1. Which residue is most open to solvent (accessible area, probe 1.4 Å), if the candidates are limited to the stretch 208-226 and must be under 12 Å from the mean Cα position of the chain (by Cα) and of a type outside the set (Phe, Trp, Tyr)?
2. When you look at Gly359, is it over 32 Å from the mean Cα position of the chain (by Cα), not aliphatic (A, V, I, L, M) and not assigned by TED's automatic domain parsing to the domain that holds Arg193, yes or no?
3. Quick check on the stretch 17-26. Is at least one of its residues under 25 Å from Phe164 (Cβ atoms) and either open to solvent by 60 Å² or more (accessible area, probe 1.4 Å) or at pLDDT below 95 (or both)?
4. Test Glu123 against the stated conditions and say whether it is at pLDDT 95 or above, within 24 Å of Ala45 (Cα to Cα) and of a type in the set (D, E, K, R).
5. Taking the stated definitions as given, is Phe154 aromatic (Phe, Trp, Tyr) and more than 30 Å from Asn31 (Cα to Cα)?
6. Out of all the residues in the stretch 289-311, which are more than 12 Å from the ligand (Cβ to nearest atom) and closer than 21 Å to Asp253 by Cβ?
7. Go through Ser285, Ser281 for me and flag whichever is touching a residue at least 60 places away in the same chain (Cβ under 8 Å) and touching a Lys or Arg at 6+ places or on another chain (Cβ under 9 Å).
8. Looking at the stretch 121-155 only, could you name the residues that are touching a helix residue (DSSP H, G or I) at 6+ places or on another chain (Cβ under 6 Å), more than 19 Å from Leu202 (Cα to Cα) and either in a helix (DSSP H, G or I) or among the aromatic types (Phe, Trp, Tyr) (or both)?
Amino acid sequence: MRPIKLVILLITFFVAVQNTVARSGSDSTLNVKERSIISIASLTAKGDLQQLQKEIDIALQSGLTVNEIKEVQVHVYAYCGFPRSIRGLQTLMQVIEERKSKGTKDVIGREASMIADGTSKYERGRITLSKLTNTKQERPSSGYGAFAPIIDTFLKEHLFADIFDRDILTHVERELATISVLGTIGSAEPMLRNHYSICLNLGISPNKLYEFTEIIKNLYGNESYLSCKKTLDELLNRKTVASSNSTQSHLFDIGAKITNSNFQGTAYLNNLVTADSLNTSAVGSVTFEPGARTKWHMHPAGQILLVIEGVGYYQEKGQQKRIIKKGDVIKCQPNLPHWHGASATNSLVQIAITNRHLGETVWMDEVTDQEYNK
Ligand code: MN
């Protein structure tokens, strides 16, 4: 083989390896552009213009165009209002001027393409929102959109058509900007959670979302970080329980799905201790997915419940339903009808210690939705 051919071969190999590294890197970690978008969206929403100047400077140095930064700041107005958005744009103008005075000419970048496919704006927004949320969006017949149809129109025609159709940013980049604003302004539940879900639907990995919370931590410290992380943890834990027999978030293995008719919804049981003639208590770890619960039932010798994860409900016949959560201990009296399970939005893991020496659990009626939701 001639030396020149060998060199070409080596270069080709090297480029191929580099590309693979770049691709796998971009799957698991945020790239420079995404990190800049998060910081700029967040600082614009916060109105921290001094820090924003620095981040804009970094973004321009690392190759974002003026129009891309501008687009992030226009996008965020839908989530934090014109005043913050406009102050952000004025800061961008200022940074560009300062860089120009030092001889740096920044790249303006391309403009948004024209949209002219004949589809109505509302329909375009409806389709985009359906794709983002992975659920079919219709003209709402209930909830806030039915109560105030004009906001549904504005949301679909303006935010998800006018703004989202501007192809200067991808939908992934727009959603990263959105969670940055929601995570920064705080008290925006359940919107932050919903937009984390959209991020996952768009293929943004949980790793990248945790990286996002780290950026928030670097900008504002622990409190903002913890609230962003908590919402993400909750969303992912719920998914973990709902989708598989993963044991990551549990002290004990989740066990097997319960298939008998004594439970409503999806629940799992791991038998930890079997009762025998010397030790008459059975111990089991029960995992209830959101909305899952036992039927009404009673234990001839009573039962002790240790809640080790999540949030749920416990109710005794004739009493009000109680909210139970991680760390709670409940002693059920013998032969007193009751039920227990997860809340509508959280899963629950309980350790049930049930004494068997006076007989097996007596199963009764279903817990109706009315009883469950009361
Ligand atoms: Mn019980």
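The values are calculated or read from the model by the stated rules, or taken from the named source; none is laboratory data. Note that the structure is predicted; figures quoted are calculated from it, not measured. With ideal geometry, Cβ positions are generated from the backbone for all residues, glycine too; neighbour counts draw on all protein chains shown. The protein model used for the area step is the full one, side chains on, heavy atoms only, and it has no ligands, DNA or RNA in it. Shrake-Rupley method; radii C 1.70, N 1.55, O 1.52, S 1.80 Å.
1. Lys208
2. It is true that Gly359 is over 32 Å from the mean Cα position of the chain (by Cα), not aliphatic (A, V, I, L, M) and not assigned by TED's automatic domain parsing to the domain that holds Arg193.
3. Looking through the stretch 17-26, at least one residue is under 25 Å from Phe164 (Cβ atoms) and either open to solvent by 60 Å² or more (accessible area, probe 1.4 Å) or at pLDDT below 95 (or both).
4. no
5. Values: aromatic (Phe, Trp, Tyr): yes; more than 30 Å from Asn31 (Cα to Cα): yes.
Yes: the conditions hold for Phe154.
6. Going through the stretch 289-311, the residues more than 12 Å from the ligand (Cβ to nearest atom) turn out to be 289-292, 306-311.
Matches in the stretch 289-311: Glu289, Pro290, Ala292, Leu306, Val307, Ile308, Glu309, Gly310.
7. Ser281
8. Those that are touching a helix residue (DSSP H, G or I) at 6+ places or on another chain (Cβ under 6 Å), more than 19 Å from Leu202 (Cα to Cα) and either in a helix (DSSP H, G or I) or among the aromatic types (Phe, Trp, Tyr) (or both): Lys121, Tyr122, Gly145, Asp152.
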